[in-house]
1. What is the spread of the Cα atoms of segment B:90-151 along each of their three principal axes, largest first, in whole Å?
2. Any chance you could tell me what percent of the C-alpha pair distances in segment A:41-292 go past 27 Å?
3. How large is the charge dipole for segment A:229-342, taken about the Cα centre, if only the Cβ atoms of Lys, Arg (+1) and Asp, Glu (-1) carry charge, to the nearest 20 debye?
4. Count, for each residue of A:408-414, the Cβ atoms from other chains sitting within 10 Å of its Cβ, then give me the mean as a whole number.
5. Can you give me the P(r) profile for segment B:15-129? Cα pairs, bins 10 angstrom wide beginning at 0, each as a whole percent.
6. Can you give the angle from 0 to 90° between the axis of helix A:62-75 and the longest principal axis of chain A, with both taken from C-alpha atoms, to the nearest 10?
7. Check chain A for me: any Cys whose beta-carbon has no other cysteine beta-carbon within less than 4.7 Å?
8. If you wrap a convex hull around the alpha carbons of chain B, what volume per residue comes out, as a whole number of Å³?
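Please treat every number below as a calculation from the coordinates, not as lab data. The structure displayed is predicted, hence computed values, not measured ones. Glycine gets a Cβ as well: all are built from the backbone with ideal geometry, and neighbour counts include every protein chain shown.
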Amino acid sequence: MNTSQEIDAYARDIKKDIRNAVYDGCKKTSEKRYSVLASDFKDADALREMAGKIKQHTLEHLDDYLQKAEANLQKNGAHVHWAMTGEKANEIIADIMRQHNCKRMVKAKSMVSEETHLVSYLEKQGFECVETDLGEFIVQIDGDHPSHIVKPIVHKNRRDIAKSFEREGLGDYNDDPTTITRRARVYLRNKYIEADVGLTGANFVSAESGRIVLITNEGNARFCMAANRVHIAIVGIEKLVPRDRDLAIFLNLLARSGTGQQLTVYTQFIGGPKASSQPSGPEHTHVIFVDNRRSEVLASECKEILRCIRCGACLNVCPVYRQTSGHAYRSIYPGPVGAVLSPLLAGEKFPELSDLPKASSLCGACNEVCPVNIPIPDLLLRLRDKAKREGAKKGMKGTPPMGLWATLASQPGMWQAGLAAGHTMNYIPTEMIPHPAAQAWQASRKLPKFQGGEFRKWFKNRN
Amino acid sequence: MSLLHTPKNRPATKSVQLMTTCLCDAFFADVARATVEILEYLGVDIELPDGQTCCGQPAFNGGDWNASRKVVRHVIKTFKGSKPVVIPSGSCAAMIYHGAPLAFEKETDLPAVNALAGRSWELVDYIVNGLGVKQWEGTFKAKIAFHSSCHLRGSESSKAIRQLLNSINGIEIVPLDEAEQCCGFGGTFSVSFPNVSTSMGTLKVEKLLENHPDYIVSADMGCVLHLGGIIDKSNNNTPRLHVAQVLRDALKNAGKLKK
Ligand code: SF4
């Protein structure tokens, strides 16, 4: 069907097997999420609300908590760096590598490093940089982009992956998942040993103790750190929680929401570089707090989006994401969270992504599953209003203009005349109505018979 | 709990204003009629403000909040007084008690918007939680697939509707896969994202028809407009009903209302 919206066109043209892979993966994970939460907690919604409040509180006092976190990280022996922009964060990382004479980086999954395009930056600087999360590794060898924030290759099937492995010389074609995993493991083991710096993100940082919390299922973040002299953690400034004890609620919610697991296989609490009594571990720990427009978001009318703990539940449940896949969103963060966050992080390029908030029926399923209870539909609506106010055309494409309708709807006489006149609609096929909205509707849907004013007549004349 | 916070302490007197909704006004006269019939059966006195038009939702969702506020201001003018405002649509009700206050956050007439929000009810919420009717009399011998519309999420209505439907003699509610998934309507979304919207709707129709219900039932004519539009283009002709029509027909079938 004709459409003026890019995301809609993407969904129309997407290959069937990709769409099915995305749809099935999302549905399965959503169902697991639902059943594990329902079986483990009497009132999971109360937990979500509480977690949302803790995060909101943290955001409202972010300056204090960042100072506290910095002090405690330093007390633990870590170096703390601040980067206002993504470029700055990349530069800091390259500098740290030079300072410690490092050439090769192994890297765990980090969404903020996707934002800063760290890998391509480091490669241009002559460093080697290997993604060690299996999904991200496959994305890297394919020169592709993640299409989901938790499952970066939800859009690929095992045959695609087997072909990529064959091409990269990782063995003959074999699409057995266990074989694929084993081959990646063998390859990556060597990379861990050859590398001299390990980079991770952080799922949380406790302001109270300076503990960095990392969760993975593959244990790759642990390897990235343990086998190297230098550990760098790149962290969005919104990743803080006030106290260690707050982690209880977030760790209880994060894996359940994201993958339907009670806990991920590995949960690490990192208290800084290795102590002299410890046999191994990094000698140097660097933490880079990245703003990259987060403080602008914090000052905006959509600040609640910074509560996000990147679980991916809103993507999995989203009927639009299920139809489009992540690449349709043309940004690092897809799905409901991305439709809010990406246009905001785009700064002055907001107009280019102003269609993202429109890619939603506002069904609210995202809000219902969000472990930090972000009112995503409200935020999408605020961004739609912003796009309209600022004249961002991309967002308005295909939406019928509302001025005339608003005038009609605020003048009862005209409205009732319209109701009466509308009956002519019953005599012309919808195909003939020369209005783009009517055309878009009738291509796949019928309109019922027009009955304008009939109820009012009945109401007046009964008895 | 989630996106909707049904206002607390709303008035629940038996004298109400009825907001017909523009969809019932234009396309679904019998739904409005059924609403009147069941409310009157319960002894409720109904005022139908003549100047009413639409709740302002299309522009609100479309992103034109200026246009939306213009319409909401008209709604406030039309629905004067302190009677409960009863609305046979989850989404129009949510527009009044959730959407409008959002669109007026920075406006000086926010108090008037909040006042209207504080006396607005989705129909079945009003019947069950306002009037305290916990069971429905009557008979409706049919298998129904109930589509719980998205605007009922987090509100009291979803529970209330199930409770009433389940209490009707003879009714069977069929189980539904992916019940939480949207029908794909979304107002202007249905025409600005026609491909995604249609895929969502087609999938919903598939799920709703999976167990061969006699009727598809919903509390939102927006969803019904969309689902019906898709069903009518196909070879299927499963009829759709608003909850109010089921409640009314149940009374009629049991001889409690004139046929
Ligand atoms: S917005 Fe909520 S549901 Fe979506 S990824 Fe973030 S925390 Fe998870």
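1. Largest to smallest, the principal-axis extents are 51, 24, 10 Å.
2. The proportion of pairs with Cα distances above 27 Å equals 37 percent.
3. Using only the charged Cβ atoms, the result is roughly 200 debye.
4. The per-residue average across the peptide is 6.
5. 15, 50, 30, 6, 0
6. It is inclined by approximately 20 degrees.
7. That list is A:26, A:102, A:129, A:224, A:302, A:308, A:311, A:318, A:370.
8. Hull volume normalised by residue count: 122 Å³.
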